[in-house]
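Everything below concerns the one structure shown next.
The values are calculated or read from the model by the stated rules, or taken from the named source; none is laboratory data. Treat the numbers as computed from the prediction; the structure is a model and nothing was measured. Here the Cβ positions follow ideal geometry from the backbone for every residue, glycine too, while neighbour counts run over all protein chains shown. With ligands, DNA and RNA removed, areas are computed over all heavy atoms of the protein, side chains included. Shrake-Rupley method; radii C 1.70, N 1.55, O 1.52, S 1.80 Å.
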Amino acid sequence: MLGINQFPEYQVPGAVQHQFNPYENNGGSIVAIAGDNFAVIGADTRLSAGYNIFTRNHSKLFQLTSSAVLASCGNWCDSDTLTSILQTRVRQYSDTHENKEISLNAIAQLLSTMMYGRRFFPYYVSNILAGIYEGKGYVYSYDPIGHCERHTYRAGGSSSALLQPILDNQIGLKNMEEKPTIPLTVDRAVKLVTDTFISAAERDIYTGDGVKISIITENGVEERQIPLRKD
Amino acid sequence: MALNDILKHMPSVGDMLSDYKSTEEMDFINLSQNKVLSAPPYSNPVENLAKLHENNDNIKINFDHGTTTLGFIYQGGVVLAVDSRATGGQYIGSQSVRKVVEINDLLLGTLAGGAADCTYWYRVLTSECRLYELRNKKKISLAAATKIMNNIIYSYKNSGLSMGMILAGGDMNQVSLYYLDSDGTRTMGKVFSVGSGSIFAYGVLDSGYKWELTDEQAYELGRRSIYHATHRDAYSGGTVRVYHVKKDGWNLISEEDCLDLHRRYEAEKKK
């Protein structure tokens, strides 16, 4: 890229350097858990940049259909663009298929293909898609260029490395000799999501203020909001 | 639209308009033409995509990376063995990636390098192979499938894609093995290993490999090679999957956690 580095004679004190900086990290964390016949997805409600907090009540959840919710965080303007285009495509699908809703796995593949379409100028976002398909709960997670994988639980965003181990222990029951048999109910999943966010708000400056949780069952999507630390 | 219709009749502007696509169409042009990706707003993505975020400590785009995969051909067919770890930087993004792609009931491919790059282009290849079947009323040969993939990859040479693939399958009533990568390499061979852990896998694989292996010996050689790679390479791990490819189709032989394998091999050593 043509920049000041190619012109050493201009690299003097006081010279203003302009550069193309399209990315910004607006923080935020997202978590999703899939159960037998439900899915729970949560996102914190803080929007920040560097050490500034812009908003304390900012939703990172996007309801796409009656059985699919997308959580998206990272660079907010990228999230906003990507999700609005995705919402348009979801709407186009139902308009061209006699009001039939697009299925969860079709959205999952569509999002992956859309993100890979920007392979050389990626959206700087962390996405998790949760929902139910044919009565079963599913969670899909993405890397910034559209690698998609199905999971039963997943954490993403600024404190993914803090949240994922809690889920690995409580739901994945990883590396245990004697595994306890606690059924995963909607109540337990919601409590786990809340607890993970309380823990993250304790140690991550980009996570806090509140959690928005969407509970997806066959009866539709129920939203809840739980307050977090505001410091 | 009205203005658009009038401008169409003006020769100089009309030509431009017929080529015009909205930014949304250009960004997601791959939804209608799956081999075309949108162009970046800068030149030379290999160097400049990295520069976009090097000035900002906060921004790190870590794509899922890191792998050990191997494939070898012996008297009973082909064995493919892979690990299942995906890492983005230092963080283990997933321990459950399926790194063997089932293209159709004759062809298998392994996935190393950028996870999104490989999965996307394998999906394109799968559709190309199915289209070939529909057009020609016969299954595509491995040679043809790898050539299609190679042509696509080569058209994106030096644009920053990162892929290393081993493809195996029935071809002219025999089994063969190909290696493809994002530099445009396409070679047929007997023993391949790809990924960050390949150097460790080769050590075990080369010392145990011979043409006359029985099926069970071959599975165990593949499994053990991947196990040793997961043991020494931090970017490899998770579960070890072993596939067997014969000329009439493939089978999934085993999926075993590295920890279970470690315990088994340690116990064998103590005997």
(request) Would you kindly state how much longer the chain becomes between B:S32 and B:V124 on full extension, computed as 0.36 nm times their sequence separation minus their alpha carbon distance, in nm to one decimal? (result) 31.9 nm
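Hey, what number do you get for chain B at 222 nm if only DSSP H runs of n ≥ 4 count, each worth -39500 (n - 2.57), divided across all residues, to the nearest 500?
Values: 9 runs with 109 residues, N = 271.
-12500 deg cm²/dmol, from helical runs alone.
In Å², nearest 100, what accessible area do chains B and A bury in total when the solvent probe is 1.4 Å?
On the way: alone 15200 and 12780 Å², together 24340 Å².
Between B and A, the summed buried area is about 3600 Å².
What translational D, rounded to a whole number of µm²/s, comes out for the stretch A:1-62 from Stokes-Einstein when the hydrodynamic radius is the Kirkwood one over Cα pairs, at 25 °C and 0.890 mPa s? Intermediate values should be presented prior to the final figure.
Working: Rh = 15.9 Å.
D, rounded to a whole number, is 155 µm²/s.
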(message) Quick check: the angle from helix B:215-232's long axis to the longest principal axis of chain B, C-alpha only, nearest 10 degrees?
(response) 70
(request) Before rounding to the nearest 500, sum -39500 (n - 2.57) across all DSSP H runs of length at least 4 in chain A and divide by the residue total; then give [θ] at 222 nm in deg cm²/dmol. (result) -9000 deg cm²/dmol
(request) Measure nothing fancy, just the Cα-based angle from helix B:115-136's long axis to the longest principal axis of chain B, in degrees from 0 to 90, nearest 10. (result) 80
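If we count every other residue with Cβ under 14 angstrom of B:I152's Cβ, Lys/Arg +1 and Asp/Glu -1, where does the sum land? Provide the component values of the computation, followed by the final result.
Working: positive: A:R119, B:K35, B:R123, B:K147, B:K157, B:R186; negative: B:D117, B:E128, B:D181, B:D183.
Residues near B:I152 contribute +2 overall.
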(message) Taking loop as defined by DSSP and a crowding limit of 11 other beta carbons within 10 Å, which GluC sites (Glu not before Pro) in the stretch B:163-271 fit?
(response) B:E212
(request) Report the residue, chosen from A:T81, A:T45, A:T152, that carries the largest GNM mean-square fluctuation when chain A is represented by alpha-carbon nodes joined by springs under 10 Å. (result) A:T81
(message) For the stretch A:101-183, what does the accessible surface come to per residue with a 1.4 Å probe? Please give it in Å².
(response) 39
(request) Heavy atoms only, probe 1.4 Å: what % of the accessible area of the stretch B:136-183 goes to carbon and sulfur, would you let me know? (result) 45
(message) Rounded to the nearest 10 Å², what accessible area does A:Y133 have for a 1.4 Å probe in the complete protein model?
(response) 70
(request) Quick one: accessible surface of A:C77, probe radius 1.4 Å, all protein chains present, in square angstrom to the nearest 10. (result) 70
(message) For a quick check, take a GNM of chain B with Cα springs below 10 Å and name the residue from B:V97, B:V46, B:V78 with the largest mean-square fluctuation.
(response) B:V46
(request) Show which lysines lie in cross-link reach of B:K139 when reach means a straight Cα distance below 20 angstrom and same-chain residues fewer than eight apart are skipped. (result) B:K147, B:K246, B:K247
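With a 1.4 Å probe and every protein chain left in place, work out the accessible area per residue of the stretch B:165-222 in Å², rounded to a whole number.
Details: 2690 Å² over 58 residues.
Each residue of the stretch B:165-222 exposes 46 Å² on average to a 1.4 Å probe.
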(request) From largest accessible area down, sort B:M165, B:M26; use a 1.4 Å probe on the protein chains. (result) B:M26, B:M165
(message) Rounded to whole Å, give me the distance from the Cα center of the stretch A:188-231 to that of the stretch A:11-42.
(response) 19
(request) Using only C-alpha atoms and all pairs of different ones, pull out the Kirkwood radius for the stretch B:154-252 in Å with one decimal. (result) 14.9
(request) Tell me, rounded to the nearest percent, the portion of alpha carbon pairs in the protein assembly as shown spaced more than 28 Å apart. (result) 60
(request) Specify the angular offset, from 0 to 90 degrees and rounded to the nearest 10, of the alpha carbon long axis of helix A:76-96 from the longest principal axis of the alpha carbons in chain A. (result) 50
(message) Springs between alpha-carbon pairs under 10 angstrom, Gaussian network model over chain B: which of B:A201, B:A143, B:A112 fluctuates most?
(response) B:A143
(message) Given points 7 Å out from each Cα along the Cα-Cβ axis, report the A:T88 to B:K271 separation in nanometres with one decimal.
(response) 6.4
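Would you please name the GluC sites (Glu not before Pro) within the stretch A:1-109 that are DSSP coil residues with at most 12 other C-beta atoms within 10 Å of their C-beta? Each step should come with its number before you reach the end.
Numbers: sites: A:E9, A:E24, A:E98, A:E101; in loops: A:E24, A:E98, A:E101.
Passing sites in the stretch A:1-109 are A:E98.
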(request) Please report, in whole Å, how far the alpha carbons of chain B spread along each principal axis, starting with the longest. (result) 86, 54, 25
(request) Indicate the residues belonging to the stretch B:30-52 that lose 10 Å² or more of solvent-accessible heavy-atom surface (probe 1.4 Å) upon moving from the chain alone to the assembly of all protein chains, ignoring ligands and nucleic acids. (result) B:N30, B:L31, B:L37, B:S38, B:P40, B:P41, B:Y42, B:P45, B:N48, B:L49, B:K51, B:L52
(message) Rg over Rh of the stretch A:24-227, using C-alpha atoms and the Kirkwood radius, what does it come to?
(response) 0.96
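Roll a 1.4 angstrom probe over the protein heavy atoms and tell me the percent of accessible area of the stretch A:24-227 that is carbon or sulfur. List each step's numbers first, then the result.
Details: 3920 of 8510 Å².
On the stretch A:24-227, the fraction of accessible area on carbon and sulfur atoms equals 46 percent.
What's the whole-number percent of alpha carbon pairs in the stretch A:126-231 lying beyond 22 angstrom?
Values: 2001 of 5565 pairs.
I get 36 percent for the Cα pairs in the stretch A:126-231 exceeding 22 Å.
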